[in-house]
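The values are calculated or read from the model by the stated rules, or taken from the named source; none is laboratory data. Model, not experiment: these values are computed from the prediction. Please note: Cβ atoms are built from the backbone with ideal geometry, for glycine as well, and neighbour counts cover all protein chains shown. Calculation scope for accessible area: heavy atoms of the full protein, side chains included, ligands and nucleic acids excluded. Shrake-Rupley method; radii C 1.70, N 1.55, O 1.52, S 1.80 Å.
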Amino acid sequence: NKKTSNSKKVEASSSPTPNTKSEKQTTPLQPQTLPPLKKNAKVLDKIIYAIRSLKSNHPKGSSRAALFKYLKVELDYDNPSAFKLALKKGVSNGTLLQDGQSFRVAADPIVHNQESEEEALQINILKHASDDGTKEAASEGDNVTVSYIGKLDNGTVFDRASTFSFQLNGGEVIKGWDRGILGMKEGEKRSLIVPPKLGYGKRGCKPDIPPDATLHFVVTLKKIS
């Protein structure tokens, strides 16, 4: 059964067929177009360079092991302790986002590709959380509280709420939300452009959401519990 709430537009899609196609992250800058690293580049700069060069096809980013291997092989850098400290610093100051043992550059947009750009979830960070390094990122199973506004392609507002709570990846909201809010911190604000397959699909959600609608959300994470 779907969760009953005063905000039905973000309830889970009733599509009987789950989307099992592979996901890819948006293609970052190609290695040849990346600005060359300075000889005295800081470790964090090297990590950012590695993340963008590796172009991980996982939405969480590049794994810790893959990043260190890249630094060691491609950049001739081999200092595990400094590498670990740089990752911690990057996460605490908002330069990097961590999901488990994977990292991505916070300023780089995310695109979960299904088959084409028309089927891709797009995420952009509009405001970073005020974070001293102690805030946790939202993860699967967390109960989160958000405020949001949802619009159609033509700008029509179909839903909004100042407070809405749900369990992340608990099947209570559309897939675009489960994926788009994953990794957010309290106070962070994101825009989500949700394709039909991760929203309400061919059925839509009468009377406000037509079939095959792309949904535009601006979401602020207020609380993780």
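Residue 45 to residue 143: extension gain in nm, 0.36 nm per residue of separation minus the Cα-Cα distance?
Roughly 31.9 nm would be gained on extension.
Report, in listed order, any pair from 38/84; 89/222; 42/189; 42/69 with a Cα-Cα distance greater than 19 Å.
38/84; 89/222; 42/189
So, for region 62-215, what is the accessible surface per residue at a probe of 1.4 Å, expressed in square angstrom?
I get 49 Å² per residue for region 62-215.
In whole Hz and in residue order, list the ³J(HN,Hα) couplings for region 217-224 that follow from phi through the Karplus curve 6.51 cos²θ - 1.76 cosθ + 1.60, θ = phi - 60°; x for Gly and Pro.
Values, residue by residue: 10, 10, 10, 10, 7, 9, 7, 10 Hz.
Quick one: if the Förster radius is 25 Å, what FRET efficiency do residue 212 and residue 151 give, using the C-beta to C-beta distance and rounding to 0.05?
0.95
Short version: ³J(HN,Hα) in whole Hz for each residue of region 121-126, in order, from phi by Karplus 6.51 cos²θ - 1.76 cosθ + 1.60 (θ = phi - 60°), x for Gly and Pro, what are they?
Calculated HN-Hα couplings, in order: 7, 10, 10, 10, 7, 8 Hz.
Residues with amide H under 5 Å of residue 158's amide H, sequence separation 5 or more or different chain, H placed in the peptide plane at 1.01 Å from N; which?
The list, which skips near neighbours in sequence, is 150, 151, 152.
So, with a 1.4 angstrom probe, what is the percent of accessible area on region 75-225 that is carbon and sulfur?
48
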